[in-house]
């Protein structure tokens, strides 16, 4: 799977961009604030409809313009054209010229995994970050997951509103509890099945990158231990006080342990950084493994943060993406240009919202 | 350069049309421009038709379906099974079910579904009216024909629970595969529901 064409209008610092890409390795070079990361953001947005910088649509509109457009063509199983337009008053999303009615029809057309500085929050941030990571992983590998998650979220929000009423209507509460329990149980089950398949990949990736003696373990700690309905009923007393749903997959945790101790408290900064990259590496491998083709890798300057030895650990993933006619986009400032990646690179010069292909390097 | 000024009545018409469901600013503009240039007699007739329809069509005091008569033709029809009532969300659902032709009982329109996210509570729906009918009419079975989204399902369960003490038969429409199509056209949720609701085949 690879992106063959990218079109931007009024996106971040790009007034207008038309670019064509082949499979393989693309290095985006340029100084700070020239728009390297914006390109990765646009590709990720096309794939997931989210910015990996955690911002909304308004921040991505070019200063002074009304709305942005991002379009792309993907060659995977067949060729597909993806187009999105965002303005404060209008959103349009189309796949192959047809308006998208169900997100599940759209997502999966382009699969991407991003490596960026924000990833550190996977280790250091609150549980929401890790739950969202699990959700993304499942949505990228199981077509049935997203509708379940959407249904759960809606039922949960409804239930929480019922709990917030001055006088809780028990019958009404019960009516929304049914879906929360039914769909929530399925979510827990899918996550429970995922983690044992996924965690060996993280452990291996970590070992490869860190070369350390420490042993990494990834464990799923579901909020629901056995029976959601029973545990929710037991929490009713406390729910009366807190006025919100206290048990359920929205409270799950993905625990990261280094030598059996929580990485967030006991890990060094370097270990945490390595762990974040290991999680993303494993995501790319898992998603690629499930679909038989690697996802597009978007690497935002993380190589710069790693010493040469740790970088080596990441190379197999990049090499594999290369061989399987996958695609990698990587941003670099001239300074930290990674020598070991060799010469089979397409080099692009990014300057003030324009990009230009260099001839094949060296 | 001065902006071309839109005549005020035309702007008002656009604004009014734009409030209709499914009509965006572009369509409102096109319709308004068409109307102000159309044959005056046609526009006058359209206006009369509009007000007439609005004045004469109301919700049936009994079942809530749209009607010109009180009670509506469906409620008055003696040939319909007076022991069955089918509960639907919107007035238009009555026609959908009636058009399908197999259902010959009464109807009851709730006028919405329970939705905390939209501030719709039990008192906002025609549930009390349904309970009054259960007192008054010889109803023996309540068929819940509500949507199967989160709010629709919650409404079904809420009603089932609230009506349970009355000792009526309470049923809901089956979930399953669209008639006449293959498995490939059903999404995962539909398929798993269809599997749960499987039935013995003789």
Response to the item:
Over all pairs of different Cα atoms in region A:216-285, the reciprocal of the mean inverse distance gives a Kirkwood radius in Å of 14.3
Response to the item:
Simple SL model, points at 7 angstrom along Cα→Cβ for residue B:78 and residue A:189; separation in nm is 5.3
Worksheet entry | Projected-area average for region B:8-56 over all orientations - Cα convex hull basis, square nanometres | 3.6
Worksheet entry | Counting DSSP beta bridges with both ends in region B:66-200, the antiparallel % (nearest 5) | 5
Worksheet, complete the sentence: Bounding extents of the protein assembly as shown in its principal axis frame from Cα atoms, largest first in Å, are 89, 71, 52
Worksheet item: Between residue B:20 and residue A:143, how many nm apart are label points set 7 Å from Cα along the C-beta direction?
Response: 3.8
Item to complete: Please pull out the direction-averaged projected area of chain B, using the convex hull of its alpha-carbon atoms, in nm² to one decimal place.
Response: 18.6
Worksheet item: Relative to the present Cα-Cα distance, how much length would full extension add between residue B:8 and residue B:190 at 0.36 nm per residue of separation?
Response: 60.4 nm
Discussion item. If I stretch the segment between residue A:309 and residue A:58 completely, what's the gain in nm (0.36 nm per residue apart, minus their alpha carbon distance), one decimal?
Written reply: 86.4 nm
Discussion item. I need the calculated FRET efficiency for the pair residue A:325 and residue A:93, taking r as the beta carbon distance and R₀ as 30 Å, to the nearest 0.05.
Written reply: 0.65
Worksheet item: Nearest 10 degrees, 0 to 90: what angle lies between the long axis of helix A:170-210 and the longest principal axis of chain A (Cα atoms)?
Response: 40
Item to complete: Post the alpha-carbon centroid distance, region A:230-275 to region A:35-57, in whole angstrom.
Response: 28
Worksheet entry | Per-residue mean of C-beta atoms belonging to partner chains within 10 Å, peptide B:141-154 | 3
Worksheet entry | Beta bridges by DSSP in chain A, antiparallel share as percent, to the nearest 5 | 70
Worksheet item: Assuming R0 = 60 Å, what is the FRET efficiency of residue B:57 and residue A:234, from their Cβ-Cβ distance, to the nearest 0.05?
Response: 0.70
Discussion item. P(r) for region B:71-130, please, calculated from all Cα pair distances in 5 Å bins and given in %.
Written reply: 4, 18, 25, 24, 14, 9, 6, 1, 0
Worksheet item: What is the mean number of Cβ atoms from other protein chains located within 10 Å of the Cβ atom of each residue in peptide B:183-189, rounded to a whole number?
Response: 3
Worksheet item: Taking the Cα atoms only, what angle lies between the long axis of helix A:308-323 and the longest principal axis of chain A, rounded to 10 degrees?
Response: 90
Worksheet item: Which value in deg cm²/dmol, rounded to the nearest 500, describes the helix-derived mean residue ellipticity at 222 nm for chain A, given -39,500 (n - 2.57) per DSSP H run of n ≥ 4 and division by the residue count?
Response: -14000 deg cm²/dmol
Response to the item:
For region A:105-145, Rg(Cα) over 2.2 N^0.38 Å is 1.29
Practice prompt. Jot down the per residue volume, in cubic angstrom and as a whole number, of the convex hull over the alpha-carbon atoms of region A:1-94.
Written response: 95
Discussion item. Can you tell me the length gained on complete extension of the stretch residue A:166 to residue A:20, counting 0.36 nm per residue apart and subtracting the Cα distance?
Written reply: 46.7 nm
Worksheet, complete the sentence: So, with points 7 Å from each Cα along the Cβ direction, the residue A:227-residue B:69 label distance in nm works out to 5.5
Worksheet item: Against the longest alpha carbon principal axis of chain A, how many degrees, from 0 to 90 and to the nearest 10, is the axis of helix A:127-141 turned?
Response: 70
Worksheet item: What list of whole percents do you get for P(r) of region B:1-111, with Cα-Cα distances grouped in 5 Å bins up to the one holding the largest distance?
Response: 2, 10, 14, 16, 12, 10, 10, 10, 7, 4, 2, 1, 1, 0, 0
Worksheet entry | Calculated P(r) of region A:122-289 - Cα pairs past 24 Å, % | 42
Practice prompt. Report the far tail of the P(r) of region A:223-264, meaning the percent of Cα-Cα pairs longer than 13 Å.
Written response: 60
Fill in: Efficiency of FRET between residue B:166 and residue A:358 - r from beta-carbon atoms, R0 60 angstrom, step 0.05
0.15
Fill in: Protection-proxy order for peptides B:180-187, B:7-14, B:89-96, each taking the mean of Cβ atoms within 10 Å per residue, highest first
B:89-96, B:7-14, B:180-187
Discussion item. Considering all alpha-carbon pairs of region A:25-169, what whole percent are spaced by more than 22 angstrom?
Written reply: 53
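Laboratory data are not the source of any read-out in this text; all were calculated from the coordinates shown. Computed from a predicted structure; not experimentally measured. Because the Cβ atoms are built from the backbone with ideal geometry, glycine has one as well, and the counts that use them run over all protein chains shown.
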